[in-house]
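First up is the structure itself, then whatever we jot down about it.
The values are calculated or read from the model by the stated rules, or taken from the named source; none is laboratory data. All values reported here derive from a predicted model rather than from experimental measurement. All Cβ positions, glycine included, derive from the backbone under ideal geometry; neighbour counts span all protein chains shown. Surface accessibility is based on the protein's heavy atoms, side chains included, excluding ligands, DNA and RNA. Shrake-Rupley method; radii C 1.70, N 1.55, O 1.52, S 1.80 Å.
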Amino acid sequence: MAYKTIVEDDIDILVAGAGLGGTGAAWEARYWGQDKKIVIAEKANIDRSGAVAQGLYAINCYMGTRFGENNPEDHVRYARIDLMGMVREDLLFDMARHVDSAVHQFEEWGLPLMRNPKTGAYQREGRWQIMIHGESYKPIVAEAAKKSADKVFNRICVTHLLMDEAKENRVAGAVGFNVRTGNYHVFKSKTVVVGAGGASNIYKPRSVGEGAGRVWYAPWSSGSAYGLLIGAGAKMTQMENRIVLARFKDGYGPVGAYFLHLKTYTQNGFGEEYESKWFPALEEMVGKRYLDVEASHRTHRPIPTCLRNHALINEVNAGRGPIHMVTMEAFQDPHLEEIGWHNFLGMTVGQAVLWAATDLDPKYENPELTTSEPYVMGSHATGCGAWCSGPEDLSPPEYYWGYNRMTTVEGLFGAGDAVGGTPHAFSSGSFTEGRLAAKAACQYIDDGKAEGIRVSESQIERRREEIYKPMEHYKTYRNEITAGTVNPNYINPRQALDRLQKLMDEYCGGVTVNYMTNEKLLNIGLKKLKVFEEDLEKIAAENVHELLRAWEVKHRHLTSEAVMQHTLFRKETRWPGYYYRGDALKVDDDNWHVLTVSRRDPKTGEYTMEKAPLYHIVDEAEEAAA
Amino acid sequence: MPTFVYMTRCDGCGHCVDICPSDIMHIDKVTRRAYNIEPNMCWECYSCVKACPHHAIDVRGYADFAPLGHSVRVIRDEEKGVIAWRIKFRNGKKDMNLLAPITTKPWGKHIPQLKDVPAPSAEQRASQLLFNEPKYIRMDDGDIHTLKSNGLKLVEGVEGY
Ligand SMILES: Cc1cc2nc3c(=O)[nH]c(=O)nc-3n(C[C@H](O)[C@H](O)[C@H](O)COP(=O)(O)OP(=O)(O)OC[C@H]3O[C@@H](n4cnc5c(N)ncnc54)[C@H](O)[C@@H]3O)c2cc1C
Ligand code: SF4
Ligand code: SF4
């Protein structure tokens, strides 16, 4: 094949994937590494890439310490109750103590943040969320990243990380291909910050046919952050913690502003409040520690997101659907009505289109809600991702090995969805994590940790062959058949994606099985995933665009296998409403008040699983008194 | 709602191809105009619609659940820093115009070049601070939050919960 090899050498910091985390990393790296070489490799165009491509109407993580609103530990407590205890509190505290500085910068750069005319503080949507006119959120942060980076390579699908051959378990850069020219790109780098985002389209979506792109997380969220890290042998954590979202039906429009700002609420098909009915049984299932309805009423402690899903799912299964969002009251106020529409135009235009197409005017009709298929990501109400070191001044020994946000592979850092155990980071927190990772990466280099990296030509050549294999495979076998897509020697990327989605759906708790699974199903699923892996070696790509889809599905496969392994390992139902282990339907704090950590051996593909201790932040005074 | 392109408006300039995050706006080799090659991987994010200088791209709700006959159009003006939307319902009963700011400042002018700001001191490097902190975290003179400053500690296991 006539594709060129293009080598970019002597990079200090390579940002692989520049969404919110990656742009934060590229931007901040320039300050701590003014003479360092900073390069971005991005699958799309950083001006409109990642989950924030269409914009956002809210920044969901802002403390407001400067307005006397919240301290970092308040946010930690919120995230941990929402995730039923399973979070990395050191990383969360660290993110929360810096996040305001990112938001204040956004405002200086021109991002329109709304202000509360009475207090002068930012307009709150809820305790943690502030409202913005964020259509250009992504172009603005991209501008900052471009200012700091020496070079931006758009349209590079990063497929693998390069590993150092002088020292075991140390990163040496990354490789990929240009999705337009097809050229092979080699990035030799002392450190890599992976910001390649979470995963949609792992599970069979509710949407079908032409509408299959209508997923909640962006269809281009290919799980590459996980695929790259798992492929390099980095340890992962909480990969079983996939998320299911209650959203407006079909359009998956966000509900945050509706609940928090417009004060809309839900009811069942008969116009009844239904949630509280399910709470007594849920209290039994998860224990008072995680659901204490009385205490929640008293102290405004939130009810975990998954448990609210559980109520919705069960109410529908009991035959009292559909669930409606009651908008008819709020929308009588023209100002609130306008906010309701702006909210979609700012971040999920598709919902506005759908309501226009179906003549659904929320002023006169209450729209339906539904629960989505599961997603694997780490910055929303869930914490999948890499097992990373925390900062020196916060982290207990089990969580600390030298550099903030460094994975268990030396020189390899993560940000945003890539980092595990840090839910509720959202856009601002992901950007902040990128900044933290970049500073740590500069320190790592300055400490001489990246000396003597060696990458052989054979490693580069081996990856090259691997990358283009789907195209070679197509050429070899295409002419055995007359025409069409049915071939005994290969499957195409779409066929592979369909297989993966069906398998994950049926064996690992997707939507068609009401999020239910058990040990038997998971073991069968794992076997099928192994066979699927063999078939992925025979995936065929007709052109470079299909080659992109081929590598996306390979990353999704690695992500899925980790989800399956973790789901099998955690023998309890920690998050009813996200998924259920039918053979262990209760929360089991005696055995599972721990974080789950996995490693896939890159040579053998074998998994090892372990439990890691959970540390919780408590008040010194409280502890002394107890 | 996947995108489609009006034949008479598109001149094949490629702006949509350049911006689509899903890599699905391509130029047809025969007509030399853009089209959506993979509608079922379209997020209806409108990035291409906003980027097209000729307003040649529109969106038609996903065939699977969106009836025909609606319209959601947009004009994004970087110079003026605003975005204008028009939503028309299928039954014609609702026709809304909505306007929102997209930036408060001229593009890129207020983002500093960090190469040229004073280099961080050794002390800053050894600290937990990021660029421009602690100024950007708080209004008072207070320093960055730590477990100690906030009277906290980390305790292992369910007991600490
Ligand atoms: C519908 C929706 C609504 C949301 N609402 C809010 C909200 O109101 N407020 C809020 O704060 N947050 C919100 N979020 C969450 C927020 O968008 C994410 O938390 C955040 O974008 C995660 O950042 P990230 O950097 O990890 O991933 P992303 O921002 O998704 O970035 C990943 C990047 O990696 C690139 N990439 C992927 N694979 C590869 C590869 N193989 N090679 C090279 N590059 C690659 C992608 O193109 C992309 O640029 C919302 C998200 C969605 C989808
Ligand atoms: S941006 Fe508009 S005019 Fe240019 S190729 Fe795309 S559709 Fe055609
Ligand atoms: S709407 Fe978005 S995903 Fe669809 S073609 Fe346009 S840019 Fe691509």
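Only one residue in A:TRP551, A:TRP575 is aromatic (Phe, Trp, Tyr) and outside any helix (DSSP H, G or I). Which one?
That would be A:TRP575, the only listed residue that is aromatic (Phe, Trp, Tyr) and outside any helix (DSSP H, G or I).
In region A:518-533, how many residues are among the hydrophobic types (A, V, I, L, M, F, W, C) and closer than 17 Å to A:ALA550 by Cα?
Total meeting the criteria: 3.
Exactly one condition in (1) within 11 Å of ligand 3 (Cβ to nearest atom); (2) within 13 Å of chain A (Cβ to nearest Cβ); (3) among the hydrophobic types (A, V, I, L, M, F, W, C) is not met by B:ILE27; state its number.
Single failed check for B:ILE27: (1).
Among what's in region B:77-92 and is at the interface with chain A (Cβ under 7 Å from one of its Cβ atoms) and open to solvent by 40 Å² or more (accessible area, probe 1.4 Å), pick the residue that is farthest from B:VAL49 (Cα to Cα).
Only one residue tops the list, namely B:ASN91.
Go through A:GLY420, A:GLY434, A:GLY411 for me and flag whichever is over 19 Å from A:ALA29 (Cβ atoms) and either of a type in the set (Asp, Glu) or more than 16 Å from ligand 3 (Cβ to nearest atom) (or both).
A:GLY420
Out of all the residues in region B:1-24, which are within 16 Å of ligand 1 (Cβ to nearest atom) and either more than 14 Å from every other protein chain (Cβ to nearest Cβ) or open to solvent by less than 70 Å² (accessible area, probe 1.4 Å) (or both)?
The answer is B:MET1, B:VAL17, B:ILE19, B:CYS20, B:PRO21, B:SER22, B:ASP23, B:ILE24.
On the given criteria, is A:GLU622 assigned to a helix (DSSP H, G or I), free of Cβ contacts under 8 Å to residues at least 12 places away in the same chain and within 14 Å of chain B (Cβ to nearest Cβ)?
yes
Within region B:30-71, can you find the residues that are aromatic (Phe, Trp, Tyr), within 10 Å of chain A (Cβ to nearest Cβ) and either out of contact with any helix residue (DSSP H, G or I) (no Cβ under 7 Å at 6 or more places or on another chain) or within 13 Å of ligand 2 (Cβ to nearest atom) (or both)?
The initial filter retains those residues of region B:30-71 that are aromatic (Phe, Trp, Tyr), namely B:35, B:43, B:46, B:62, B:65.
With the extra rule that they be within 10 Å of chain A (Cβ to nearest Cβ), the set shrinks to B:43, B:46, B:62, B:65.
Correct list: B:TYR46 only.
Table: residues versus (1) open to solvent by 80 Å² or more (accessible area, probe 1.4 Å); (2) under 35 Å from the mean Cα position of the chain (by Cα).
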position: B:PRO101; (1), (2): no, yes
position: B:THR104; (1), (2): yes, yes
position: B:HIS110; (1), (2): yes, yes
position: B:ASP116; (1), (2): yes, yes
position: B:GLU123; (1), (2): yes, no
position: B:PHE131; (1), (2): no, yes
position: B:LYS153; (1), (2): no, no
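Just checking, which of A:LEU291, A:LEU260 is in contact with an Asp or Glu (Cβ under 6 Å, 6 or more places away or on another chain) and open to solvent by 50 Å² or more (accessible area, probe 1.4 Å)? Give the derivation first.
On the way: A:LEU291 fails: open to solvent by 50 Å² or more (accessible area, probe 1.4 Å).
Just a single option satisfies the conditions, and that option is A:LEU260.
Please find, within region A:225-235, the residue that is farthest from ligand 3 (Cβ to nearest atom) out of those that are open to solvent by less than 10 Å² (accessible area, probe 1.4 Å) and under 23 Å from A:ARG499 (Cβ atoms).
Among residues in region A:225-235 that are open to solvent by less than 10 Å² (accessible area, probe 1.4 Å) and under 23 Å from A:ARG499 (Cβ atoms), the one farthest from ligand 3 (Cβ to nearest atom) is A:ILE230.
What helices (runs of 4 or more DSSP H), lying completely within region A:305-421, carry at least 3 residues that are away from ligand 2 (no atom under 16 Å from the Cβ) and either under 18 Å from the mean Cα position of the chain (by Cα) or more than 14 Å from chain B (Cβ to nearest Cβ) (or both)?
Correct list: A:305-315.
Among all residue pairs at least 6 apart or on different chains, which show Cβ distances below 7 Å where the first residue, located in region B:78-106, is farther than 17 Å from A:ILE339 by Cβ and the second is assigned to a strand (DSSP E or B) and of a type in the set (Asp, Glu)?
B:LYS88/B:ASP95
Could you list all residues from region B:3-29 that are more than 10 Å from ligand 2 (Cβ to nearest atom) and within 22 Å of the chain's Cα centre (by Cα)?
Of everything in region B:3-29, those that are more than 10 Å from ligand 2 (Cβ to nearest atom) and within 22 Å of the chain's Cα centre (by Cα) turn out to be B:PRO21, B:SER22, B:ASP23, B:ILE24.
Given A:GLU73, A:GLU107, A:GLU125, which one is open to solvent by 10 Å² or more (accessible area, probe 1.4 Å) and more than 9 Å from chain B (Cβ to nearest Cβ)?
Numbers: A:GLU73 fails: more than 9 Å from chain B (Cβ to nearest Cβ); A:GLU107 fails: more than 9 Å from chain B (Cβ to nearest Cβ).
Sole residue among the options that is open to solvent by 10 Å² or more (accessible area, probe 1.4 Å) and more than 9 Å from chain B (Cβ to nearest Cβ): A:GLU125.
With respect to the numbered conditions (1) farther than 30 Å from A:ALA149 by Cα; (2) in contact (Cβ under 8 Å) with a residue 60 or more places away in the chain; (3) in a loop (DSSP other than H, G, I, E, B), which one is the sole condition not fulfilled by A:CYS61?
Unmet condition: (1).
Kindly evaluate B:SER127 against the criterion of being farther than 16 Å from A:SER395 by Cα, among the polar types (S, T, N, Q) and modelled with pLDDT of 95 or more.
Considered against the rule, which asks whether it is farther than 16 Å from A:SER395 by Cα, among the polar types (S, T, N, Q) and modelled with pLDDT of 95 or more, B:SER127 comes out as no.
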